[in-house]
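The values are calculated or read from the model by the stated rules, or taken from the named source; none is laboratory data. What you are looking at is a predicted structure, and each value in this text was computed from that prediction instead of being measured. Cβ placement follows ideal geometry from the backbone for every residue including glycine, while neighbour counts extend to all protein chains displayed.
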Amino acid sequence: MRGIPPEGFVRLARFVAQLDEQLSIEWVPPDLADEVGEYLENDVTKEFLSSQGIELGSADEVIEFLSTGAMTPFSAAQISQAENTSHGEEFDVDLMWPEYRESFDSMEGELTTKGSITLPAPILLKVGGIYWGFSGNRRTNLAIKHDLPLEVWLVEVDRGRFVAQVMPLESFDEEYPLAGGSVSGYTVGSDIPNMGSISASLVDYTVLKGIRELSLPEWNADPFSTFYAADDHARAKNLAEEIRSNGYVDPLIVVVGSRGPYILEGIHRLVALHLLGAQSFPALVVVDDESFDDSRS
(Lines give C-alpha, C1' and ligand atoms only; values in the text may rest on other atoms or scores of the structure.)
Protein backbone atom coordinates (compact mmCIF):
# COMPACT_ATOMS: atom_id res chain seq x y z
CA MET A 1 0.00 0.00 0.00
CA ARG A 2 1.46 3.31 -1.07
CA GLY A 3 1.73 6.03 1.59
CA ILE A 4 1.37 9.77 1.29
CA PRO A 5 4.72 11.44 0.64
CA PRO A 6 5.87 14.02 3.21
CA GLU A 7 5.12 16.91 0.88
CA GLY A 8 1.56 15.59 0.67
CA PHE A 9 1.08 16.04 4.41
CA VAL A 10 2.44 19.57 4.13
CA ARG A 11 -0.02 20.43 1.36
CA LEU A 12 -2.88 18.85 3.37
CA ALA A 13 -1.95 20.85 6.48
CA ARG A 14 -1.84 24.06 4.43
CA PHE A 15 -5.24 23.23 2.91
CA VAL A 16 -6.81 22.66 6.34
CA ALA A 17 -5.23 25.89 7.62
CA GLN A 18 -6.66 27.80 4.63
CA LEU A 19 -10.09 26.37 5.39
CA ASP A 20 -9.85 27.54 9.04
CA GLU A 21 -8.79 31.00 7.86
CA GLN A 22 -12.07 31.24 5.96
CA LEU A 23 -14.17 30.27 8.98
CA SER A 24 -15.64 32.67 11.50
CA ILE A 25 -17.86 32.68 14.57
CA GLU A 26 -19.97 35.67 15.49
CA TRP A 27 -20.42 35.72 19.25
CA VAL A 28 -23.57 37.29 20.66
CA PRO A 29 -24.75 37.79 24.26
CA PRO A 30 -26.47 34.64 25.57
CA ASP A 31 -30.16 34.50 26.32
CA LEU A 32 -29.91 34.37 30.09
CA ALA A 33 -33.33 32.74 30.48
CA ASP A 34 -31.96 29.76 28.54
CA GLU A 35 -29.01 29.51 30.93
CA VAL A 36 -30.99 29.16 34.17
CA GLY A 37 -30.81 25.36 34.12
CA GLU A 38 -27.01 25.50 34.12
CA TYR A 39 -27.35 26.52 37.76
CA LEU A 40 -30.64 25.06 38.97
CA GLU A 41 -29.90 21.62 37.47
CA ASN A 42 -26.12 21.59 37.98
CA ASP A 43 -25.05 20.45 41.45
CA VAL A 44 -21.36 21.04 40.70
CA THR A 45 -21.85 24.74 39.99
CA LYS A 46 -24.25 25.05 42.91
CA GLU A 47 -21.64 23.57 45.25
CA PHE A 48 -18.91 25.85 43.89
CA LEU A 49 -20.98 29.03 44.34
CA SER A 50 -22.16 27.84 47.74
CA SER A 51 -18.52 27.41 48.76
CA GLN A 52 -18.09 31.07 47.84
CA GLY A 53 -21.06 32.03 50.00
CA ILE A 54 -23.49 32.49 47.08
CA GLU A 55 -26.93 30.89 47.04
CA LEU A 56 -29.46 31.53 44.28
CA GLY A 57 -33.01 30.42 45.03
CA SER A 58 -35.00 31.04 41.85
CA ALA A 59 -34.75 31.48 38.09
CA ASP A 60 -35.12 35.25 38.50
CA GLU A 61 -32.19 35.33 40.91
CA VAL A 62 -30.04 33.34 38.47
CA ILE A 63 -30.89 35.77 35.66
CA GLU A 64 -30.11 38.76 37.88
CA PHE A 65 -26.83 37.12 38.87
CA LEU A 66 -25.81 36.57 35.23
CA SER A 67 -27.07 39.93 33.97
CA THR A 68 -24.01 41.73 35.33
CA GLY A 69 -21.83 40.08 32.66
CA ALA A 70 -20.29 41.63 29.57
CA MET A 71 -18.89 40.38 26.26
CA THR A 72 -15.14 39.91 26.73
CA PRO A 73 -12.43 38.58 24.36
CA PHE A 74 -10.74 35.53 25.86
CA SER A 75 -7.77 33.50 24.66
CA ALA A 76 -7.38 29.74 24.66
CA ALA A 77 -4.57 30.13 27.19
CA GLN A 78 -6.84 32.09 29.52
CA ILE A 79 -9.74 29.67 29.22
CA SER A 80 -7.41 26.75 30.00
CA GLN A 81 -6.93 28.20 33.48
CA ALA A 82 -10.65 28.17 34.24
CA GLU A 83 -12.13 25.52 36.49
CA ASN A 84 -15.12 23.37 35.43
CA THR A 85 -13.98 23.39 31.78
CA SER A 86 -12.42 20.64 29.68
CA HIS A 87 -9.85 20.88 26.92
CA GLY A 88 -7.74 18.59 24.77
CA GLU A 89 -7.87 14.99 25.97
CA GLU A 90 -10.41 15.83 28.68
CA PHE A 91 -12.76 17.22 26.04
CA ASP A 92 -12.20 14.12 23.87
CA VAL A 93 -13.48 12.07 26.81
CA ASP A 94 -16.57 14.31 27.01
CA LEU A 95 -17.19 13.68 23.33
CA MET A 96 -17.58 9.98 24.04
CA TRP A 97 -21.08 10.78 25.27
CA PRO A 98 -23.35 10.43 22.20
CA GLU A 99 -25.53 13.50 22.88
CA TYR A 100 -22.46 15.64 23.60
CA ARG A 101 -20.76 14.45 20.39
CA GLU A 102 -23.92 14.95 18.33
CA SER A 103 -24.30 18.54 19.52
CA PHE A 104 -20.64 19.37 18.86
CA ASP A 105 -20.63 17.73 15.43
CA SER A 106 -23.78 19.63 14.49
CA MET A 107 -22.20 22.99 15.33
CA GLU A 108 -18.94 22.10 13.60
CA GLY A 109 -20.77 20.82 10.53
CA GLU A 110 -22.69 24.09 10.20
CA LEU A 111 -19.49 26.09 10.65
CA THR A 112 -17.49 24.21 8.05
CA THR A 113 -20.40 24.05 5.59
CA LYS A 114 -21.50 27.68 5.79
CA GLY A 115 -18.16 29.19 6.65
CA SER A 116 -19.63 31.28 9.47
CA ILE A 117 -21.93 30.69 12.39
CA THR A 118 -23.57 32.83 15.08
CA LEU A 119 -23.38 31.43 18.60
CA PRO A 120 -24.26 32.64 22.10
CA ALA A 121 -21.08 33.40 24.01
CA PRO A 122 -20.03 30.86 26.64
CA ILE A 123 -20.59 32.09 30.19
CA LEU A 124 -17.58 32.40 32.47
CA LEU A 125 -17.76 33.44 36.12
CA LYS A 126 -15.01 35.24 37.99
CA VAL A 127 -15.49 34.79 41.72
CA GLY A 128 -12.83 35.85 44.17
CA GLY A 129 -10.06 35.46 41.58
CA ILE A 130 -11.31 32.05 40.39
CA TYR A 131 -12.57 31.61 36.82
CA TRP A 132 -15.41 29.07 36.56
CA GLY A 133 -16.95 27.70 33.39
CA PHE A 134 -20.70 28.16 33.79
CA SER A 135 -21.84 27.07 30.32
CA GLY A 136 -20.76 26.74 26.69
CA ASN A 137 -17.85 24.30 26.90
CA ARG A 138 -18.60 22.82 23.47
CA ARG A 139 -18.78 26.28 21.89
CA THR A 140 -15.49 27.19 23.53
CA ASN A 141 -13.78 24.07 22.19
CA LEU A 142 -15.18 24.63 18.72
CA ALA A 143 -13.42 28.01 18.57
CA ILE A 144 -10.21 26.57 20.03
CA LYS A 145 -10.18 23.62 17.62
CA HIS A 146 -10.36 25.92 14.59
CA ASP A 147 -8.13 28.61 16.12
CA LEU A 148 -10.90 31.21 15.95
CA PRO A 149 -11.31 34.28 18.17
CA LEU A 150 -13.31 33.56 21.31
CA GLU A 151 -15.57 35.87 23.27
CA VAL A 152 -17.22 34.97 26.56
CA TRP A 153 -19.97 36.46 28.66
CA LEU A 154 -17.79 37.26 31.67
CA VAL A 155 -19.63 37.68 34.96
CA GLU A 156 -17.35 39.32 37.53
CA VAL A 157 -19.33 38.51 40.63
CA ASP A 158 -20.06 41.25 43.16
CA ARG A 159 -19.92 39.06 46.24
CA GLY A 160 -21.23 41.83 48.46
CA ARG A 161 -24.41 41.80 46.38
CA PHE A 162 -24.98 38.07 46.11
CA VAL A 163 -23.20 36.55 49.09
CA ALA A 164 -25.41 34.38 51.25
CA GLN A 165 -25.93 35.20 54.90
CA VAL A 166 -23.59 33.18 57.09
CA MET A 167 -25.08 31.21 59.96
CA PRO A 168 -24.84 33.04 63.29
CA LEU A 169 -22.88 31.36 66.06
CA GLU A 170 -26.16 30.27 67.67
CA SER A 171 -26.80 28.08 64.63
CA PHE A 172 -23.43 26.37 65.08
CA ASP A 173 -24.39 25.76 68.71
CA GLU A 174 -27.53 23.98 67.53
CA GLU A 175 -25.70 21.92 64.90
CA TYR A 176 -22.86 20.92 67.23
CA PRO A 177 -24.40 20.37 70.71
CA LEU A 178 -22.34 20.25 73.88
CA ALA A 179 -21.05 16.81 74.82
CA GLY A 180 -21.56 15.25 78.21
CA GLY A 181 -18.93 13.47 80.24
CA SER A 182 -19.00 10.53 77.84
CA VAL A 183 -19.61 10.06 74.12
CA SER A 184 -20.62 6.73 72.57
CA GLY A 185 -19.84 5.06 75.89
CA TYR A 186 -16.30 6.44 76.14
CA THR A 187 -15.21 9.03 78.71
CA VAL A 188 -14.22 12.34 77.13
CA GLY A 189 -10.56 13.04 77.92
CA SER A 190 -9.45 16.36 79.37
CA ASP A 191 -6.52 16.81 76.98
CA ILE A 192 -6.99 18.31 73.49
CA PRO A 193 -3.83 17.39 71.54
CA ASN A 194 -2.13 19.88 69.22
CA MET A 195 -4.12 22.99 70.15
CA GLY A 196 -1.38 25.06 68.53
CA SER A 197 -2.58 23.88 65.12
CA ILE A 198 -5.54 26.25 65.36
CA SER A 199 -3.55 29.49 65.44
CA ALA A 200 -0.98 28.02 63.05
CA SER A 201 -3.64 27.19 60.44
CA LEU A 202 -6.26 29.93 60.85
CA VAL A 203 -6.11 33.72 60.97
CA ASP A 204 -9.58 34.83 62.03
CA TYR A 205 -11.57 32.24 63.94
CA THR A 206 -14.01 31.61 66.78
CA VAL A 207 -13.73 28.65 69.15
CA LEU A 208 -17.11 27.38 70.32
CA LYS A 209 -17.30 26.99 74.07
CA GLY A 210 -16.95 23.51 75.49
CA ILE A 211 -16.49 20.11 73.86
CA ARG A 212 -19.10 19.22 71.25
CA GLU A 213 -20.62 15.90 70.22
CA LEU A 214 -20.61 15.24 66.47
CA SER A 215 -22.33 12.46 64.56
CA LEU A 216 -19.68 10.05 63.26
CA PRO A 217 -21.67 8.43 60.38
CA GLU A 218 -21.77 11.85 58.67
CA TRP A 219 -17.99 11.66 58.21
CA ASN A 220 -15.96 9.49 55.88
CA ALA A 221 -14.00 7.52 58.46
CA ASP A 222 -13.43 4.35 56.46
CA PRO A 223 -9.72 3.56 56.87
CA PHE A 224 -9.27 2.37 53.29
CA SER A 225 -10.54 5.63 51.80
CA THR A 226 -8.87 7.78 54.47
CA PHE A 227 -5.36 6.32 54.58
CA TYR A 228 -2.93 5.03 51.99
CA ALA A 229 0.06 4.21 54.17
CA ALA A 230 0.20 0.96 56.15
CA ASP A 231 1.61 2.88 59.14
CA ASP A 232 -1.57 4.98 59.31
CA HIS A 233 -3.76 1.87 59.27
CA ALA A 234 -1.68 0.32 62.05
CA ARG A 235 -1.80 3.51 64.10
CA ALA A 236 -5.60 3.71 63.85
CA LYS A 237 -5.96 0.05 64.89
CA ASN A 238 -3.65 0.55 67.87
CA LEU A 239 -5.61 3.63 68.92
CA ALA A 240 -8.84 1.65 68.71
CA GLU A 241 -7.41 -0.94 71.08
CA GLU A 242 -6.20 1.78 73.47
CA ILE A 243 -9.62 3.46 73.48
CA ARG A 244 -11.38 0.14 74.03
CA SER A 245 -8.97 -0.75 76.86
CA ASN A 246 -8.78 2.64 78.61
CA GLY A 247 -12.41 3.61 78.07
CA TYR A 248 -11.73 7.21 77.14
CA VAL A 249 -10.92 9.30 74.04
CA ASP A 250 -9.37 12.74 73.74
CA PRO A 251 -11.39 15.32 71.76
CA LEU A 252 -10.58 15.99 68.11
CA ILE A 253 -10.35 19.48 66.62
CA VAL A 254 -12.92 20.22 63.91
CA VAL A 255 -12.90 23.38 61.80
CA VAL A 256 -16.12 24.64 60.21
CA GLY A 257 -15.44 26.74 57.10
CA SER A 258 -17.42 28.02 54.15
CA ARG A 259 -16.90 24.68 52.35
CA GLY A 260 -18.09 22.71 55.36
CA PRO A 261 -16.42 21.04 58.36
CA TYR A 262 -13.13 19.19 58.30
CA ILE A 263 -10.81 17.46 60.78
CA LEU A 264 -7.86 19.65 61.73
CA GLU A 265 -6.47 17.28 64.35
CA GLY A 266 -7.43 13.70 65.27
CA ILE A 267 -8.12 11.86 62.02
CA HIS A 268 -6.59 8.66 63.47
CA ARG A 269 -8.91 8.93 66.49
CA LEU A 270 -11.87 9.38 64.14
CA VAL A 271 -11.00 6.22 62.22
CA ALA A 272 -10.32 4.35 65.49
CA LEU A 273 -13.79 5.22 66.78
CA HIS A 274 -15.25 4.13 63.44
CA LEU A 275 -13.51 0.77 63.85
CA LEU A 276 -15.07 0.49 67.32
CA GLY A 277 -18.55 1.15 65.89
CA ALA A 278 -19.01 4.49 67.69
CA GLN A 279 -21.87 6.67 66.50
CA SER A 280 -20.47 10.01 67.66
CA PHE A 281 -17.20 11.60 68.72
CA PRO A 282 -16.08 14.52 70.92
CA ALA A 283 -14.46 17.58 69.36
CA LEU A 284 -13.47 21.14 69.93
CA VAL A 285 -15.25 23.05 67.16
CA VAL A 286 -13.59 26.10 65.59
CA VAL A 287 -15.39 28.41 63.13
CA ASP A 288 -13.10 29.69 60.37
CA ASP A 289 -14.47 33.23 60.17
CA GLU A 290 -12.02 34.30 57.45
CA SER A 291 -13.30 31.65 55.03
CA PHE A 292 -16.70 33.31 55.02
CA ASP A 293 -15.09 36.52 53.71
CA ASP A 294 -16.43 38.69 56.50
CA SER A 295 -20.00 38.12 55.30
CA ARG A 296 -21.06 37.96 58.94
CA SER A 297 -20.40 41.72 59.33
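The residues of the stretch 72-88 that are in a loop (DSSP other than H, G, I, E, B) and of a type in the set (A, V, I, L, M, F, W, C) amount to a single one, 82.
Tell me yes or no: at least one residue of the stretch 89-98 is assigned by TED's automatic domain parsing to the domain that holds residue 41, part of a helix (DSSP H, G or I), hydrophobic (A, V, I, L, M, F, W, C) and out of contact with any helix residue (DSSP H, G or I) (no Cβ under 6 Å at 6 or more places or on another chain). Yes, because at least one residue in the stretch 89-98 is assigned by TED's automatic domain parsing to the domain that holds residue 41, part of a helix (DSSP H, G or I), hydrophobic (A, V, I, L, M, F, W, C) and out of contact with any helix residue (DSSP H, G or I) (no Cβ under 6 Å at 6 or more places or on another chain). Take residue 108 and tell me if it is farther than 20 Å from residue 28 by Cα, acidic (Asp, Glu) and surrounded by fewer than 20 Cβ atoms within 10 Å (Cβ to Cβ). So residue 108 does not fit the description; no. For the stretch 240-285, a tally of residues being over 15 Å from residue 186 (Cβ atoms) and either touching a Ser or Thr at 6+ places or on another chain (Cβ under 7 Å) or surrounded by fewer than 17 Cβ atoms within 10 Å (Cβ to Cβ) (or both) returns 9. Restricting the first member to the stretch 110-130 and to residues that are on the phi > 0 side of the Ramachandran plot, and the second to residues that are modelled with pLDDT under 95 and surrounded by fewer than 11 Cβ atoms within 10 Å (Cβ to Cβ), the beta-carbon pairs closer than 7 Å and six or more apart or on different chains are 115/22.
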